[in-house]
1. Set the Förster distance to 22 Å, then compute FRET efficiency between Leu32 and Arg70 from the Cβ-Cβ distance, nearest 0.05.
2. Enumerate the calculated ³J(HN,Hα) couplings along the stretch 27-35 in order (Karplus 6.51 cos²θ - 1.76 cosθ + 1.60, θ = phi - 60°), each rounded to whole Hz, writing x wherever the residue is Gly or Pro.
3. Can you give the extra length, in nm with one decimal, that the chain gains between Thr80 and Phe116 once fully stretched, where that is 0.36 nm per residue apart less the Cα-Cα distance?
4. Roughly what would the spin-label model give for Asp101 and Thr132, points 7 Å off Cα along C-beta, in nm?
5. Over the Cα atoms of the stretch 18-125, what radius of gyration and what Dmax do you get, in Å?
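Just so it is clear, none of the values below were taken in a lab; they were calculated from the coordinates. Just so it is clear, the model here is predicted, and its values are computed rather than measured. A quick note on method: Cβ atoms are made from the backbone with ideal geometry, for glycine too, and the neighbour counts reach across all protein chains shown.
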Amino acid sequence: MPAGLATCPDMQTQMMSPSAALLPVVDDAGFLAATAGPGLVLIDFFAAWCGPCHAMAPVLAQLADSHRGRARVIAVDVDTSRALAQQFRVVSMPTLVLWRDGREVGRIVGARPARFISGAVARALAGEVAVTGP
């Protein structure tokens, strides 16, 4: 199967992973390197078959571009990185985890407007914890 494609189990069709074309997708092996070091990382837990994930992918790509140098945005496919999804207790997609300096400081579950996510990132960059939105 070509990179970035996943099979939708219900429809038996191939769908482009929403974040694969727009954000760096990390697997279990690459996760530690992608989140190591100081600073803020927004982790997008997504699935190729998830409609709201498709809607969020361009929002997160734009956020990654506008926060370049201040925050990193990465994606984790829950179907191929099940151990990470379990470790982060992901039960709904999309789940966005704000990870700063080696620990979780916030979480957003479900599709949200760009302004909401940008506000949460701004709060996390300002040093707040328990961030869920603006």
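1. Details: r = 21 Å, r/R0 = 0.97.
It comes out at approximately 0.55.
2. Karplus values, whole Hz, x for Gly and Pro: 10, 3, 5, x, 5, 4, 5, 6, 10.
3. Values: separation 36, 0.36 × 36 = 12.96 nm, distance 2.80 nm.
Taking 0.36 nm per residue and subtracting the Cα distance, the gain is 10.2 nm.
4. In this crude spin-label approximation the distance works out to 2.4 nm.
5. Final numbers for Rg and Dmax: 12.2, 33 Å.
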